[in-house]
Amino acid sequence: MTARFRARTARTERTARRGARAGRTGRATRTLTVGVSAAALAAVAAAVPAHATTTAVSATRAPAALYTPPANSAAHTQILDLLRQGHLKDAAGVLAMTLTPQAVWYGDGTPATVEASVRGTVTAAARRHALPVLALYNIPGRDCSQYSAGGAADTAQYEAWIDAVRRGIGAHPATVILEPDSLALLPSDCGADDAQGSKTAARYDEIHYAVDALEPLAATKVYLDAGHSGWHSVNDIVPRLIAGGVGDATGFFLNISNYRSDSELAWYGKLVSSCLAYADAGGDPAACPNQWWAVNDAQAWLDAHVHTAPAAMKHFVTDTSRNGQGPWTPPSGVYSDPQDWCNPPDRGLGARPTLTTGDPLLDARLWVKIPGESDGQCTRGTAGPDDPERGAPDPAAGAWFPAQALELVHDANPALLPH
């Protein structure tokens, strides 16, 4: 069973509610002060690390900090509950998690709705001299009609929606995570295509349309779906990226809502980027080394065949929101379908989001998946409704999951709070 991103449901466009949520956020923050001692609040504030706030930079330069959107309102409820129970460090941890830069998700909704919401986000980020990360998730046939089914009804509707996103961004800086699972989970991968392959062909056209609409904007970078290092081989994902128009994009993204380690992702990203450069020079992607080659053999091949400077290669970004403990290994022989991608137990927050990675091909580490929000109701091949790893039903996809939020805080690597 391949691990893949299924964290979004066919909900109304999530950030259409951001404006209202921002108001609720303010009220929730004020609520935290009611009935809680000054000493308790001081303890929480002292425990929140400095990286959880947005650093202002000169308005004359490109943003050097990432944008932190308003949090899920249920997170504030959990923080308040923890404070009332006297669990000050846990409250501080969840608060710190919500104050860490994260993506803003857009899926479903009308063009008018998404245009207004995107404009609101990029404008709010600009006021803070910060860079927003916009995760677009509205492709027709989204998630092969499974946990996060939904999306635009057809190509024409999708293109109109993308045009609205373009108008909403305008000249503001933005990083676009374009359609998680769109290329790593094609209609042809899950029996959702017709005999002629027309739906998969349309998928490539839709992604390329979005690239052509958004990448030319003055301050926008677009990254395409390359799955992760435990899914497709380099030789398989590179042709998909090419067909989706990566040649006209900034690059690709890895590990959205998954758990692969940073070192594994960095190596896989280098192999994918190098193979794209090799193919761009006329080489056959089938000849490229993949992630299962011996590292020394793969590096020797790259040294012999790829001579493009990193600045001229396709770059990538990674999602480190939940990979602090790496992938979950299900107990052997227990579940017919372990669903290792779905609310696995005892995972932790990963590296904090940053635009400074020290890797010439890695543009950013980001929190794209919203940590603390459920992947869905996971039954792991059992009759359910309980998640057998947790002894209770999981919240619906996208709903706040208090137990998992605490797991992510407690098992964060690096630690979220000082010991």
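Key figures for this structure:
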| read-out | value |
| --- | --- |
| Qualifying residues in the range 110-129 (those that are in contact (Cβ under 8 Å) with a residue 60 or more places away in the chain and buried (at least 21 other Cβ atoms within 10 Å of the Cβ)) - the one farthest from Ala160 (Cα to Cα) | Ala125 |
| Count of residues meeting criterion [of a type in the set (Gly, Ala, Ser) and open to solvent by 10 Å² or more (accessible area, probe 1.4 Å)] in the range 83-106 | 1 |
| Residue match in the range 252-262 (condition: open to solvent by 10 Å² or more (accessible area, probe 1.4 Å) and within 29 Å of Ile169 (Cα to Cα)) | yes |
| Matching option when the condition is modelled with pLDDT of 95 or more, touching a Ser or Thr at 6+ places or on another chain (Cβ under 8 Å), under 28 Å from Ile370 (Cβ atoms) and open to solvent by 30 Å² or more (accessible area, probe 1.4 Å), among Glu206, Glu215 | Glu215 |
| Hits in the range 347-396 - residues which are open to solvent by 20 Å² or more (accessible area, probe 1.4 Å), more than 23 Å from Pro414 (Cα to Cα) and small (Gly, Ala, Ser) | Gly381, Ala383, Gly384, Gly391, Ala392, Ala396 |
| Selected residue [of a type in the set (Phe, Trp, Tyr) and closer than 11 Å to Leu136 by Cβ] from Tyr223, Tyr209, Tyr204 | Tyr223 |
| The lone exception for Leu217 - which of (1) under 21 Å from the mean Cα position of the chain (by Cα); (2) within 21 Å of His315 (Cα to Cα) it fails | (1) |
| Spans of helices (runs of 4 or more DSSP H) in the range 227-312 with at least 1 residues of a type in the set (Asp, Glu), more than 30 Å from Thr329 (Cα to Cα) and modelled with pLDDT of 95 or more | 262-280, 295-305 |
| Neighbours by Cβ (under 7 Å, 6+ apart or cross-chain): first from the range 330-345, open to solvent by less than 40 Å² (accessible area, probe 1.4 Å); second in a loop (DSSP other than H, G, I, E, B) and of a type in the set (S, T, N, Q) | Trp341/Asn258; Asn343/Ser374 |
| Residue list for the range 198-226, restricted to those being among the charged types (D, E, K, R) and part of a strand (DSSP E or B) | Lys221, Asp225 |
| All helices (runs of 4 or more DSSP H) inside the range 34-152 with 2 or more residues being at pLDDT 85 or above | 73-84, 88-98, 111-127 |
| Residue match in the range 182-198 (condition: surrounded by 23 or more Cβ atoms within 10 Å (Cβ to Cβ) and more than 21 Å from Cys144 (Cβ to Cβ)) | no |
| Selection count where residues are loosely packed, with under 15 Cβ neighbours inside 10 Å and either touching a strand residue (DSSP E or B) at 6+ places or on another chain (Cβ under 8 Å) or under 28 Å from Ala130 (Cβ atoms) (or both), scope the range 70-82 | 1 |
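The values are calculated or read from the model by the stated rules, or taken from the named source; none is laboratory data. All values derive from a computational prediction rather than experimental measurement. We place every Cβ from the backbone using ideal geometry, glycine too, and count neighbours over all the protein chains shown. Accessible surface areas use protein heavy atoms only, side chains included; no ligands, DNA or RNA. Shrake-Rupley method; radii C 1.70, N 1.55, O 1.52, S 1.80 Å.
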